[in-house]
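Right, one structure below, let's go through it.
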Amino acid sequence: MTAKRRARASALTLSLLTNSFNNNVVAFQLSSSSSACKYRPMAATILDDNDIDEIGHINGLTSPQSKSTSYEYSAQQITVLSGLEPVRKRPGMYIGSTGPDGLHHLVYEVLDNSVDEALAGHASLISVVLHDPEDAGDGSANSGGGNRCTITDNGRGIPTDLHPTTNISALETVLTVLHAGGKFDNAQAGSGYKVSGGLHGVGISVVNALSEYVEVRVDRQNGNTKSPSMERKMMRFERGVRVGELQDVDIGDDIVSNNNGWEGVVFQTNEFKAMTPLGDDNDVDDEDDENDTLRGRGKIKSTAKSSQSTSSKKQGKASANEEDSSTLEYKISLVQSLLSERKSGTTVTFLPDITVFKGANGKPGITFDETKLAMRMDEIAYLNAGLVLTLQDKRSSSIKRGGDKSDIVTIFHHAGGLAEYADFLCRGKTPMFGEGSTAIKSKGPKSNLGPPAVGLSLSSDGTTLLFHAEITPTSSSSNTPQAPIAIDAALRYTANNYNEQILSFVNNIRTRDGGSHVEGLKSCLTRVLNQSARRLGKLKEGDGNLSGDHVREGLTAIISVSVSEPEFEGQTKGRLGNPEVRPAVEAALGGELNKFFDFHPEILNILFENASRAAAAAAAAKAAREVVRKKTLLQSTVLPGKLADCSSKEFSETELFIVEGDSAAGSAKQGRDRRTQAILPLRGKILNIERAAPERIYQNSELQGLISACGLGMKGSELEEGSLRYGKIVIMTDADVDGAHIRVLLLTFFFRYQRELVEKGFLYIAQPPLYKIMTGSGRARIEKYTFSDEEKEQYLREMLGIKEGDPITDNDLSDGKVMIQRFKGLGEMMPKQLWETTMDPESRTLLQVSVNDCALADMTMDILMGTDVASRRNFICDRAENLKLGDLDV
């Protein structure tokens, strides 16, 4: 074998050290793929000539081809993409990814267009309907499955007249021409929009380009008389290409029936999946409560017709008192009223292209997540007090457990706006002041209805600071006034909460990465609290200022700004970049906060004491860390004695397995790959840091060993990837109740102590098997490991020839041909079994933990692991009907 061929073979063998994970986890809800890790680290080996054939194949693999190209390079090789071709060529540039997040981004683009109509004052009702794909009877390429989505609003409708530049209809222009839209001149007089989420004029055209087909129906009013004539236009596109001309559609006498057809549907209000219920719909008539309302879930099973009469009764009662806009009856009446008054608007139906999008498993798939859409729509309803949105899932997949949910319409409407949003985010938490707190009590009715007051004020229950103002910044280069910036904010402090939570929005678009508006809010709070404390003598001369982290401890804040010309980072709009917004927020909110603290010194005193306690706790934690450092547990190279480390220094291939107890550690240590896999056993259940003070973390020996082994820094500090000791941190616990509890405690620790570790994908959960099924004997013996009851049952049916639906009886298993072993703990498994099923990178399944919505994860963690027992009890009771007794390990 020649040296050249040996070198080529060695390089190719080393190139096999790669890995790919396609599992996504939302708010600690885990989903697995059949093959999460398909590689096994190996050393470079020298292959014989017999291993390499004449054309360069090695064990079925083809050696890399040369990357060199022709020397000729001319204008003929320059590709110019026109129309919507750039979108189909590089979809990730426009929607972020072609996975589930990118798929839902299509819905958000269309939905945001309708919301922009609401911001402009022309829309008040937006409906979203999910359908199964229609049969491809028109020659279209439809068919492979997936979901359709229809979004309808009662806005002005997309213009359909001839565009002077493109010489085609305005409707076709905005759907087929990139950077064509009505939101480029928001700051100009006579513009169609003053503020909007759309910026680049690519949203709806991107949806068109990435959909198998798009069908748009536009209802518009002609003329300005008291009885304007109505017209409906319709146009269809397939993969961005127009199919036919703009068509006139006969509206008939009832424009509403052509759009929704809601006769006999069941209305309900929204509840966040896997969250505490909104709980704003329990005010129902006593005679209907028992039969019509599911405990704590706010669902009233009444059709649109019958509930109309109920609503009229409610309205009669409300004549003496202010009508409660949170009741389901009121919301149903409001929806019906808006629907009956609809005279114009746009309806967009689209089927995403299955050749573009992939599911969480990496395979082609277009399945909308109703829960994810509900969360976004509920956000919009909170941010736009008075706007009504509805969601209906008419897909066949909505029929679950024998119950048809396709006729249920969920209503999103929050008249209380940001104040109501703050109530929801802080459910189960004790406010620092106002009703329900142990400090300041406030009087007055519990109502946040009506337009927000200009300036800073307390909510009616006294728990939330509400800010609303509009400020016109001045250009730094001249005195020319710019377009005004509208600022809305809600600030609530909660007791016994050591974390801050800030949700930010720009023109109704969630800015997950913050931006200049969040920076303005943070700096303003810190500066004003320190200034006010000094002015009132709480901070003496020579005392240092309180830090921003301490000032914001326990804060839940929502800030929403409306900017005529927002500057986002990319089409996915994750961060606001407008530099003028920060000083605008600081100036507007800062002045109001100063006046507020002058009139409410008792609230200033509470916030100052809270920040002072946070600073004292931080000092205590620092002292505890110093003690730990003296013991060389954090900074020195000395590691916990019980850690069985690996020998490899290559970060990307090293793995730390956190196991439960010495028994499991013994099997894991014997079965592991000593070169790349380290084992850290834990003794029992670790401290629940959700309830513990920060200094207790550094006094706990188990957590100190975990921090040291992983290479973590201080709690809440920025993650230093260079300090991490392992490329993967794998939680490997027993498949029983205690193992599940330890797993949750570890998830809580990593999420609260170093959230970035989770967000950046370093944390995984191992999947040990539940059963070992053995058939035959001797050399004919077959062993099969299954990881769930469903997988075990399917395998037994295939092996025993039992038809689907027929029960598997004890007689089928009693003849000795089949033996089933149930693993209760990792310590029961032989080292070889543990390696083959759980630790071998070639055959194992790992779940990668990530967080798509930190606010949702934070609330879930607070309910399940916090100190509020009542919220946890309600959470369990509300979901008791979904419990399968067979899932209980008792």
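Go through the residues of region 636-650 one by one and say whether even a single one is at pLDDT 90 or above, within 30 Å of Thr430 (Cα to Cα) and surrounded by 20 or more Cβ atoms within 10 Å (Cβ to Cβ).
Among the residues of region 636-650, not one is at pLDDT 90 or above, within 30 Å of Thr430 (Cα to Cα) and surrounded by 20 or more Cβ atoms within 10 Å (Cβ to Cβ), which makes the answer no.
Please find, within region 505-564, the residue that is farthest from the chain's Cα centre (by Cα) out of those that are in a helix (DSSP H, G or I) and among the hydrophobic types (A, V, I, L, M, F, W, C).
Among those residues, the one meeting the criterion is Ala533.
For a quick check of your reading of the model, give me the residue pairs whose first member lies in region 243-258 and is over 12 Å from Ser340 (Cα atoms) and surrounded by 13 or more Cβ atoms within 10 Å (Cβ to Cβ), whose second is modelled with pLDDT under 70 and among the acidic types (Asp, Glu), with beta-carbon atoms closer than 9 Å and at least 6 apart or on different chains.
Val243/Asp138
Yes or no: region 405-419 includes at least one residue that is at pLDDT below 80 and either touching an Asp or Glu at 6+ places or on another chain (Cβ under 9 Å) or in the same structural domain as Leu391 (by TED's automatic domain parsing) (or both).
yes
Out of all the residues in region 531-548, is one or more over 19 Å from Glu586 (Cα atoms), basic (Lys, Arg) and in contact (Cβ under 8 Å) with a residue 60 or more places away in the chain?
Yes, because at least one residue in region 531-548 is over 19 Å from Glu586 (Cα atoms), basic (Lys, Arg) and in contact (Cβ under 8 Å) with a residue 60 or more places away in the chain.
Evaluate the following for Arg156: is it more than 19 Å from Asp393 (Cα to Cα) and at pLDDT 85 or above?
So Arg156 fits the description; yes.
Looking only at region 706-742, how many residues end up being assigned to a helix (DSSP H, G or I) and over 15 Å from Ile689 (Cβ atoms)?
Of the residues in that region, 9 qualify.
For residues in region 787-827 being in contact (Cβ under 8 Å) with a residue 60 or more places away in the chain and closer than 10 Å to Tyr771 by Cβ, which is farthest from the chain's Cα centre (by Cα)?
Phe823
Can you name the residue in region 347-398 that is of a type in the set (A, V, I, L, M, F, W, C) and part of a loop (DSSP other than H, G, I, E, B) and, of all such residues, is nearest to Val128 (Cα to Cα)?
Phe368
Within region 753-858, which strands (runs of 3 or more DSSP E) (wholly inside it) include 1 or more residues that are in contact with a helix residue (DSSP H, G or I) (Cβ under 6 Å, 6 or more places away or on another chain) and buried (at least 19 other Cβ atoms within 10 Å of the Cβ)?
Once the strands (runs of 3 or more DSSP E) in region 753-858 are filtered for at least 1 residues that are in contact with a helix residue (DSSP H, G or I) (Cβ under 6 Å, 6 or more places away or on another chain) and buried (at least 19 other Cβ atoms within 10 Å of the Cβ), what remains is 763-766, 771-775, 782-786.
Can you name every residue in region 780-803 that is under 19 Å from Glu836 (Cα atoms) and of a type in the set (D, E, K, R)?
Selection gives Arg781, Glu783, Lys784, Glu791, Lys792.
Among the residues of region 570-603, which ones are in contact with a Gly (Cβ under 6 Å, 6 or more places away or on another chain) and either within 26 Å of Pro91 (Cα to Cα) or not in a helix (DSSP H, G or I) (or both)?
Thr572, Arg575, Leu576
Okay, residues lined up against (1) in contact with a strand residue (DSSP E or B) (Cβ under 7 Å, 6 or more places away or on another chain); (2) at positive phi; (3) buried (at least 20 other Cβ atoms within 10 Å of the Cβ); (4) not polar (S, T, N, Q):
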site: Met93; (1), (2), (3), (4): no, no, no, yes
site: Leu103; (1), (2), (3), (4): yes, no, yes, yes
site: Leu106; (1), (2), (3), (4): yes, no, yes, yes
site: Asp116; (1), (2), (3), (4): no, no, yes, yes
site: Ser127; (1), (2), (3), (4): yes, no, yes, no
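Here is a yes/no grid of residues against (1) more than 21 Å from the chain's Cα centre (by Cα); (2) surrounded by fewer than 18 Cβ atoms within 10 Å (Cβ to Cβ):
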position	(1), (2)
Thr347	yes, no
Asp353	yes, no
Phe357	no, no
Asn361	no, yes
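The values are calculated or read from the model by the stated rules, or taken from the named source; none is laboratory data. The structure displayed is predicted, hence computed values, not measured ones. Cβ atoms come from the backbone with ideal geometry, glycine included; neighbour counts cover every protein chain shown.
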